[in-house]
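The values are calculated or read from the model by the stated rules, or taken from the named source; none is laboratory data. Worth saying up front: this structure is predicted, and the values here are computed from it rather than measured. The area values use the complete protein model at the heavy-atom level, side chains included, leaving out ligands, DNA and RNA. Shrake-Rupley method; radii C 1.70, N 1.55, O 1.52, S 1.80 Å.
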Amino acid sequence: MALDEKTIEVLSGITTATLTTVLHKKGLRNVWLRGTKPLQTGQQCIVGPAFTLRFIPAREDLATPESWSSPISTRAAIEAMPPGCIAVVDAMGITEAGIFGDILCQRMKVRDVAGLITDGVVRDLAGVLQTGLPVWCNGAAAPASIAALTFINWQEPIACGGVAIFPDDVIVADDDGAVVIPKALLSDVIEAAVEQEQFEAWIIGEVQTGAALPGLYPPNAETKARYDAFRKGHTKSPK
């Protein structure tokens, strides 16, 4: 499922903090992927459909250097990634073996993959940073994936950072980490999140002018009425 440019633009302007709040109000509490931290500060926010990959614990007859040439391999999975997707990798939170290094990340960058998100770690840290691929992970480790993991498949439901991720769910990642939006809820979440961002921007303005928090955030009836009046005053009439 490719995302249109307008959807990407709108979601890029909404923080993951706002998205978790909106999703919580809709009954989804487990949407923030634990252990997925920006590899470096100042990474651009990324938005895209999830392209899922799954590792299981290493088994000696399967986790071998020869497995890298198998039809079921991380190399083959990367070649199947469409432009604009976000690779979301279930590494079971294992941090003693890097799932991808600089060569694989460079190939993803060349293929216009939007980013890499994993609850595991990467290797060849300096080289990965040089590729310019935005990465959210749990650090770096020198050993290759086969030291602790066996790659098993791609584009199937996974658990990443303790969160259920299905192929084509929408991922948003920023300085606070990564959040999943179930694809069936995308339109409703975007509408609510845009409104939440606008409301909180107004709240910030009120706080900056000296307003106290009780009755302001969360808003009481009087605050809601003032905000509604503000919105009406800033809504252009149709021509």
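Mean residue ellipticity at 222 nm from the helices of the chain, using -39,500 (n - 2.57) per DSSP H segment of n ≥ 4 over the full residue count, to the nearest 500 deg cm²/dmol?
On the way: 7 runs with 76 residues, N = 239.
Calculated at 222 nm, the ellipticity per residue is -9500 deg cm²/dmol.
Could you tell me what percent of the accessible area of segment 83-166 is made up of carbon and sulfur, with a 1.4 Å probe and every protein chain present?
Reported share for carbon and sulfur atoms: 55 percent.
Can you tell me how much longer the chain between S69 and I204 gets when fully stretched, taken as 0.36 nm per residue apart minus their C-alpha distance, in nm with one decimal?
On the way: separation 135, 0.36 × 135 = 48.60 nm, distance 5.42 nm.
Taking 0.36 nm per residue and subtracting the Cα distance, the gain is 43.2 nm.
Which of V163, V47, V110 ends up with the largest GNM mean-square fluctuation for the chain, with Cα atoms connected below 10 Å?
Of V163, V47, V110, the most mobile in the Gaussian network model is V110.
Leaving out ligands, DNA and RNA but keeping every protein chain, what accessible area does T41 have, in Å² rounded to the nearest 10, with a 1.4 Å probe?
Roll a 1.4 Å probe over it and T41 shows about 130 Å².
Which shape class, rounded, prolate or oblate, goes with the chain when its Cα gyration tensor gives a ≥ b ≥ c as root eigenvalues, a/c under 1.5 marks rounded, and past that a/b bigger than b/c marks prolate? Show your work: numbers first, answer last.
Values: a/c = 2.54, a/b = 2.33, b/c = 1.09.
Since a/c reaches 1.5 and a/b is larger than b/c, the shape of the chain is classed as prolate.
Under a cut-off of 19 Å between alpha-carbon atoms, report the aspartates and glutamates in cross-link reach of K232, not counting same-chain residues fewer than 8 places apart.
Cα-Cα hits under 19 Å: E191, E195, E197, E200, E206, E222.
Between V194 and I103, what length comes free when the chain is fully extended (0.36 nm per residue of separation minus the Cα-Cα distance, one decimal in nm)? Mind showing how you got there, number by number?
Working: separation 91, 0.36 × 91 = 32.76 nm, distance 3.80 nm.
That pair, V194 and I103, stretches by 29.0 nm at full extension.
At 1.4 Å probe radius, can you tell me the per residue accessible area of the chain in Å²? Don't jump to the answer; show the numbers that get you there.
Working: 12060 Å² over 239 residues.
Computed with neighbouring chains in place, this is 50 Å² per residue.
Going by the alpha-carbon gyration tensor, a ≥ b ≥ c the square roots of its eigenvalues, is segment 69-182 rounded (a/c under 1.5) or, if a/c is not under 1.5, prolate (a/b greater than b/c) versus oblate? Let's see the in-between values first.
Numbers: a/c = 1.17, a/b = 1.16, b/c = 1.01.
Verdict is rounded for segment 69-182.
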